1. What number of residues within region 34-73 are in a helix (DSSP H, G or I) and over 17 Å from GLN109 (Cα atoms)?
2. Considering region 306-355 alone, what residues qualify as being of a type in the set (Lys, Arg), in contact with a helix residue (DSSP H, G or I) (Cβ under 7 Å, 6 or more places away or on another chain) and not in a helix (DSSP H, G or I)?
3. So the check is Cβ under 6 Å with 6+ separation or different chains; which pairs have a first residue in region 570-584 that's farther than 18 Å from VAL343 by Cα and a second one that's outside any loop (DSSP other than H, G, I, E, B) and modelled with pLDDT under 70?
4. Do we have any residue at all in region 622-631 that's outside any helix (DSSP H, G or I), on the phi < 0 side of the Ramachandran plot, loosely packed, with under 12 Cβ neighbours inside 10 Å and at pLDDT below 85?
5. Name the one entry in THR350, THR367, THR417 that is under 44 Å from the mean Cα position of the chain (by Cα), at pLDDT 85 or above, more than 22 Å from SER191 (Cβ to Cβ) and of a type in the set (S, T, N, Q).
6. Scan VAL408, VAL372, VAL427 and give me the residue that is in contact with a strand residue (DSSP E or B) (Cβ under 7 Å, 6 or more places away or on another chain), at pLDDT 85 or above, among the hydrophobic types (A, V, I, L, M, F, W, C) and within 17 Å of GLY222 (Cβ to Cβ).
7. Looking only at residues in region 65-78 that are surrounded by 17 or more Cβ atoms within 10 Å (Cβ to Cβ) and not aliphatic (A, V, I, L, M), which one is modelled with the lowest pLDDT?
8. For region 206-220, how many residues are in contact (Cβ under 8 Å) with a residue 60 or more places away in the chain and farther than 21 Å from ASP156 by Cα?
Amino acid sequence: MSTTSAAAPTRPGVPDRPGAPPAARSALRSALVLPEVRWAALSLALFALGGAAQLLGAPPLVWWALYLACYAAGGWEPALEGLRALRERTLDVDVLMVVAALAAAAIGQVLDGALLIVIFTTSGALEAFVTRRTADSVGALLTLAPDRATRVHVDDRLEEVDVEQLAVGDTVLVRPGERVGADGVVVAGSSDVDQSSVTGEPLPVGRGVGDEVFAGTVNGTGALRVEVRRPAGESVVARIVAMVAEAAETKARSQLFIERVEQRYSVVVVAATLTLLGVPLAAGAEFEPTLLRAMTFMIVASPCALVLATMPPLLATIANAGRHGVLVRSAVALEELRGVDVVALDKTGTLTRGEPVVGTVHPLAGTSVAEVLALAAAAERSSEHPVAGAVLAAAREREVVVPEARDVVATPGRGVTGRVGGRVVQVGAPALLEAAGGGAGSGAGGGAGAEVAELVAAVERAGDTAVVVIVDDRPLGVLAVSDALRPEAADAVARIHDRLGARTVLLTGDHATAGRAVAARAGVPEVHAGLLPEDKAAHLRGLADRGHRTALVGDGINDAPAMATAHVGIALGRRGSDLAVETADVILVRDDLGTVPTLAVLARRAHRVVVANLVIAGTVIVALVTWDVAGTLPLPLGVAGHEGSTVVVALNGLRLLRRSAWDRAAA
């Protein structure tokens, strides 16, 4: 049992997040399923009742019975763990806690023993809760890929089968709106496929014959026939699951200082207690005073103050962060965060909003912005493509009157065509220019074609997506569609540099031009683009191998392996995928990137408070132990000194609960 692990529930207080998984909505119910949590709650309740009975002057038999019940509820599991450790010839803090609690009760200080029991039992329950949530999260990704797929036989007969039954070479039918059932290559049909879950690309991409598609990605409006190239167990989705599980198992579990020394501390205290008891008795000392001295030593040397020296500052920081929209899973995550020197950032949905917007409208000579937008919005009005929504939003913002369009036809991977007031309007990818004869050079487009080609090139150099508007086979203008930067992104990146002295790096599955454009706007100096999920995780492993401590901020399923690999994984809570949120150590409930540097600064302050508390608690323990060994420490004075130091360090740590602590960290 850990003596210092602490955690916050996964995602309480986020009922406004669309599509929140049942596991998030029932975090409390999930916690109560764990026996460790139930026993800890019972132990705490019995302790509170015993304290209330004692303060209200109830007969000693009443509050003694309640305290002993607290012992039984919270102490049986540590006692069992201690016995197992003894059978393996090891001595840990569980043994020390149980012996110290029993010794306290034996000399009449049952309150001290019950307090020790409650502290250890509660921390163990919190650790069990975090462990369960982490283990459950690894399987969350399995819901991404469909369980069933439609296999096409050679005689065109269709058969619904489990995806595990698909073999390499099989052909599957992917209907509009369905998820792709297996990694493969398109052999018939064309469509726009949303691959953001795997590659992080903000917009659906056109997929036709010969193009690769991945299991779990979402098909658009066209039907596809896909030849399976990998069995289900080797798909990109399956590899992501394997990477998350492997990283969770192999990443060394960081420990707090008190955890690293608990075994040695336990051995020293038990050995010293036995020495204080055995040596005087061997020399002929009286049994009762010798036992009293040894028991006093064990009580004043018990780790109660040391535990509270560590727990309150970290729990107070976690609670303070929670009030400001940041959920921290454990005290270990705080300790890791304070030492981070490289912050890796995902692009789509993290630095950016993950939603396309029309930035600049470039009309050709003789055409106005309003005319280009009006015709484009008319053709796109009935489309479900994300770009269509961006065009319509731009028209509304500019108060452009959008006419009606008829005979609208969508061509996957190219765009839409419709008839507006007797004119044929085409809106879509630059590839439409060639089909319309409007490319650079001669033909119907002529000089307009050359002009629009230059505009397209300029838009793409800026990292935006070019959307051309063609009327009656003549180019009319170009729309620059971009993924808008989050308003707080640039300031958050600057504060990471200035306040933390950390370096930032952009890791994205999108193409290099778009990555560099977003990085330049956000102030991120280093960009790595075109990365698959395993590439992001490998990059972070490389940084760790070079001695860096890393944090990864992301929101997508494709970020989950990197989150599990990084020393600290940070997920956006509102738009983040279920797996990313479950895998992360820190969750930004309000998707505010500005809280990342604030939390890191507060984590560093919490560490300084922990160190100060350990010095205070250690000094008091050394003083009391020295007094007991070298002289005669009265038991009431020993208990008062021990409990007094416990109260001091607890109150010192709880200062981090104040709002001013967060405000100073954010300043």
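1. Of the residues in region 34-73, 12 are in a helix (DSSP H, G or I) and over 17 Å from GLN109 (Cα atoms).
2. Within region 306-355, just ARG329 meets the criteria.
3. ASP578/ALA140; LEU579/ALA140; LEU579/LEU141; GLU582/SER137; GLU582/ALA140
4. Step one: filter region 622-631 for residues outside any helix (DSSP H, G or I), giving 631.
Then drop every residue that is not on the phi < 0 side of the Ramachandran plot, which leaves 631.
Applying the additional criterion that residues be loosely packed, with under 12 Cβ neighbours inside 10 Å yields 631.
Cutting the leftovers down to at pLDDT below 85 gives us 631.
The answer is yes, given that some residue of region 622-631 is outside any helix (DSSP H, G or I), on the phi < 0 side of the Ramachandran plot, loosely packed, with under 12 Cβ neighbours inside 10 Å and at pLDDT below 85.
5. THR350
6. Just one listed residue meets the conditions, VAL408.
7. Across region 65-78, the extreme among qualifying residues is PRO78.
8. So the answer is 5.
The values are calculated or read from the model by the stated rules, or taken from the named source; none is laboratory data. Computed from a prediction, not measured in an experiment: that's the story for all the values here. Every residue, glycine as well, gets a Cβ built from its backbone with ideal geometry; the counts of neighbours run over all protein chains shown.
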